[in-house]
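Notes for the one structure printed next.
The numbers here are math on the coordinates, done by the rules we state, and not lab data. Predicted, not measured: the structure shown is a model, and the values here were computed from it. Reconstructed Cβ throughout: ideal geometry from the backbone, glycine too, with neighbour counts over all protein chains shown.
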Amino acid sequence: MAANLNLIVILLSISLQIAAAGMALRINRIAGRPLAWALMSSALVLMAGRRLYVLVELYRDGFPQHLLPNEIAGFLVSALMLWGILLIKDLFQSKADQAAKLEEARKASRALADKLTAVMAAAPVPLWIAEDPACRTIRGNAAGADLLRMPVQVNHSASAPPGEQPVHFRLVQNGHTLAADEMPMQRAALRGEDIRGEAMDLVFDDGQLRHLMGYATPLREADGRIQGAVCCMVDVTAIRQVEEALAKAQKMESIGLLAGGIAHDFNNIFQAMVANIEMAQASAPEEARCRGYLDRLRAGLDRASRLSRDILHVSGGDLRRPEPMDLTPLVAEALDRTGVAAIRQLSPGLSRVMVDPLLIGRVVEGLVTNALEASSAAGAIRVQTFMRQVRPEDLAKGHWAATVDPGPYAVFEVSDQGHGIEAGSLPKIFDPFFSTRDLGRGLGLPAALGIIRSHRGGIQVESIP
């Protein structure tokens with residue numbers, strides 16, 4: 001009986017030591033310390049081998065009974081070793097699982113950051129992200145950097161530490177320059193506000209201004225704490241300009257219709273007055289004193305008639321019967337009437353266009369006269385005619401009729417080498433009664449624009465003061 005018990009205890013000890021060695025090898029794979037755990041596994045295998053050798057020797061000696069307590073103690077030691085290794089294995093396994101989860105979270109975070117970076121880079125609108133609740137570090141995409149005139153890599157925050165804050169622009173809302181904590185992103189990050197479509201102006205030190213619509217929302221942790229904010233600024237400058245231009249065009253259309261009606265009625269009155277003056281002149285003797293008065297009255301009526309006709313042209317009226325004509329001979333005849341020694345670069349054989357030759361001739365004469373008055377060097381006026389393919393983006397740059405489509409257009413161009421038009425006056429040159437000359441009526445260019453628009457064309461102006 002004692003021999004059998006001895007045998008069982010020794011076999012169990014060997015089994016536990018072999019199991020402990022196998023578990024040590026498994027810990028080696030988990031913990032990643034091959035040398036230490038390989039040595040422990042080898043030691044346990046050697047111990048198991050020694051126990052096997054002892055088993056063989058005891059078998060030869062008939063399993064002496066007095067050795068049973070020693071074998072039981074060895075069994076207990078082997079059991080404790082296996083239990084300890086199992087605890088260590090569980091500990092390393094738990095750490096390995098945590099490390100794997102942390103690595104997965106890091107990969108997911110990097111993937112999310114890469115996606116966010118790609119979205120920001122591809123977004124055509126300015127975007128910014130605050131990396132902390134105080135908005136001390138704000139990163140923007142390429143569109144945002146272009147809007148602020150800053151490199152993409154630098155900090156865009158007005159709340160940045162001194163020396164890092166951008167100082168070449170300011171945000172203005174209702175005439176008030178916003179402090180850093182009043183800006184949309186800072187309000188979202190500091191106070192948790194959702195900003196939706198607030199109008200503000202971006203004003204640079206050089207005086208340039210952009211109209212913006214601001215949007216911002218806080219970024220929150222899972223527990224609701226704010227960790228930063230995201231902001232978008234939509235540049236609505238072009239929309240504002242279009243709205244202002246549309247409002248101005250509608251205003252000018254209303255004024256033009258009113259002025260055109262008045263001018264038409266005045267022309268009828270002037271014609272009756274001129275007819276009566278001509279009859280009075282015909283019936284008055286040559287030596288009569290009244291003939292001088294009649295001549296001056298006729299000259300005054302002619303000036304009034306021209307003014308009325310200009311007003312009618314501003315409204316786009318007075319277009320009689322357009323004819324299909326080549327623009328080049330028409331421009332040449334108008335130049336001959338002015339007597340101006342201009343450099344002529346007139347292309348023959350242009351496509352025929354529907355024009356009123358009298359009105360187009362007046363436009364050419366008026367533009368050449370303006371160039372002559374502005375030019376400071378003799379022979380510096382150049383007149384050209386050519387065909388041009390007008391693109392959609394060209395229609396946004398000039399003053400065109402409302403129903404103009406892209407395509408081929410006949411062009412006449414008048415250029416001079418005068419002092420140019422000041423930047424502040426350039427947007428006003430087609431406003432009725434605006435003139436930079438003391439004796440100007442301010443109807444020459446508005447009348448020319450009205451005539452060209454009535455021909456479904458447009459005028460583009462380039463000036464270098």
Sequence-distant lysines (8 or more away, or on other chains) whose Cα lies within less than 23 Å of K107: K95, K115
Please work out the FRET efficiency for the pair L219 and Q389, using the Cβ-Cβ distance as r and a Förster radius of 35 Å; give the result to the nearest 0.05. 0.10
Please report the net charge: other residues with Cβ closer than 14 Å to the Cβ of V414, K and R +1, D and E -1. -2
Can you tell me which of 96-107, 394-405 comes out highest on packing, and rank the rest after it, using the mean Cβ neighbours within 10 Å? 394-405, 96-107
What list of ³J(HN,Hα) values in whole Hz, one per residue of the range 220-232 in order, does the Karplus curve 6.51 cos²θ - 1.76 cosθ + 1.60 (θ = phi - 60°) give from phi, with Gly and Pro shown as x? 10, 6, 4, 8, x, 5, 7, 10, x, 7, 10, 9, 10
Work through the residues other than R391 whose Cβ is under 15 Å from its Cβ and net out their charges, Lys, Arg +1 and Asp, Glu -1. -1
Subtract the Cα-Cα distance of V125 and S347 from 0.36 nm times their separation in residues, and report this length gain in nm to one decimal. 75.4 nm
Taking a ≥ b ≥ c as the square roots of the Cα gyration tensor eigenvalues, with a/c under 1.5 meaning rounded and otherwise prolate when a/b beats b/c, else oblate, which class fits the range 323-459? oblate
By per-residue mean of other Cβ atoms within 10 Å, what is the highest-first order of 279-286, 198-205, 444-451? 444-451, 198-205, 279-286
For an R0 of 45 angstrom, estimate the FRET efficiency from the Cβ-Cβ distance between Q460 and E104 and round to the nearest 0.05. 0.15
HN-Hα J in Hz across the range 155-172 - Karplus 6.51, -1.76, 1.60, θ = phi - 60°, x for Gly and Pro: 6, 9, 7, 6, 9, 5, x, x, x, 9, 6, x, 10, 9, 8, 8, 9, 10
Where a Cα-Cα gap under 27 Å defines reach, which lysines qualify for K397, not counting those fewer than 8 residues away within the same chain? K248, K251, K428
If packing is taken as the average count of other Cβ atoms within 10 Å, what order do 410-419, 126-135 fall into, highest mean first? 126-135, 410-419
Using 7 Å Cα-to-Cβ label points, what is the A275/L209 separation (nm, one decimal)? 5.4
Report the local net charge at V353: Lys and Arg +1, Asp and Glu -1, summed over other residues whose C-beta lies under 10 Å from its C-beta. 0
Please give me, ordered by residue number, the GluC sites (Glu not before Pro) of the range 159-194 that lie in loop per DSSP and have at most 16 other Cβ atoms within 10 Å. E164, E193
As an exercise, use a Förster radius of 51 Å and the Cβ-Cβ distance of A380 and A134 to find the FRET efficiency, rounded to the nearest 0.05. 0.25
Any chance you could run the full-extension gain for V167 through K115? It's 0.36 nm times the residue separation minus the Cα-Cα distance, nm to one decimal. 15.6 nm
